[in-house]
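> There's a structure below that I have some questions on.
The values are calculated or read from the model by the stated rules, or taken from the named source; none is laboratory data. Keep in mind it's a predicted model, so treat the numbers as computed, not measured. Cβ placement follows ideal geometry from the backbone for every residue including glycine, while neighbour counts extend to all protein chains displayed.
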Amino acid sequence: MSDLHPSPKILKQDMFGSVELIHFNGSGTNSQLAICRDINCARWWVRHLARYLARRELKALNKLQQAQVAEQQVPRVLHAAQGRVVRSYIPGKPLHIHRKPSVVFFTELKELLTQIHRAKVTHNDLAKEPNILVTDDGRPALIDMQLASCGGLFYKTRCREDLRHILKHQRTYQPQSLSDAELEILANKLWLSKVWMACVKPIYLFVTRRLLHWSDREGAGDRNAN
């Protein structure tokens, strides 16, 4: 891919491939920082899964771009070919590194989530604080949409789960700002969440932490220098 220059930084590398911070030149544009997910170096036994996750992310990002959702708060697809997806880079720090989000930040984050849901996209991975950025101007942004879904079965349930995870983070950093209705959402888990916690999450944790040696904040510290 001739328009990719040597990467200044590898953000993450595992059996599913690599995620790199690169310089990217599109057609007739100046060089800009971008994020490249490269699955060509994925281990052979998970390559099909890596391709499937990359397609999910690409589909969700394209749908959000078509709906003109929050241009500076959701990555834009700059290039996708030959096992690589290049998306725009959003300067900022992961929520757990910033650790000082304001009440306004969470108000804007919920507004951003509403825009995403109106485009019939759910993120599905907002329990992880590294997927929520505090941008350089203090606004929220959402990244890493490999698990995102576009409409489909249990869409409204997934919307509620996205919101519930946002409210959990709000409870951590700004608990006094939660409304009674939001506290009720936190207190009442949906059946899908209960099934996940009881049946799926133990298997997920075993595979990701014991076998793959991941953590919920995998790759997050790389942004600390920005």
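> In region 70-87, what count of residues is obtained for those that are within 19 Å of LEU53 (Cβ to Cβ) and among the polar types (S, T, N, Q)?
1
> Looking only at region 29-37, decide whether some residue is within 29 Å of GLY151 (Cα to Cα), aliphatic (A, V, I, L, M) and touching a Leu at 6+ places or on another chain (Cβ under 7 Å).
Yes, there is a match, as at least one residue in region 29-37 is within 29 Å of GLY151 (Cα to Cα), aliphatic (A, V, I, L, M) and touching a Leu at 6+ places or on another chain (Cβ under 7 Å).
> Go through region 11-41 and report how many residues are farther than 20 Å from ILE143 by Cβ and at pLDDT 90 or above.
Adding up the residues that qualify gives 2.
> Can you name every residue in region 98-118 that is out of contact with any Gly (no Cβ under 7 Å at 6 or more places or on another chain) and among the hydrophobic types (A, V, I, L, M, F, W, C)?
VAL103, VAL104, PHE106, LEU109, LEU112, LEU113, ILE116
> Looking only at region 84-96, filter to residues that are in contact (Cβ under 8 Å) with a residue 60 or more places away in the chain and either in contact with a strand residue (DSSP E or B) (Cβ under 8 Å, 6 or more places away or on another chain) or not assigned by TED's automatic domain parsing to the domain that holds LEU142 (or both); which one of those is surrounded by the fewest Cβ atoms within 10 Å (Cβ to Cβ)?
PRO91
> Go through (1) assigned by TED's automatic domain parsing to the domain that holds PRO175; (2) more than 15 Å from ASP162 (Cβ to Cβ); (3) modelled with pLDDT under 95; (4) not polar (S, T, N, Q) for LEU49 and report which single condition fails.
Every condition holds for LEU49 apart from (1).
> Does LEU133 meet the test of being outside any helix (DSSP H, G or I) and modelled with pLDDT of 95 or more?
Yes; evaluated as a whole, the condition is true for this residue.
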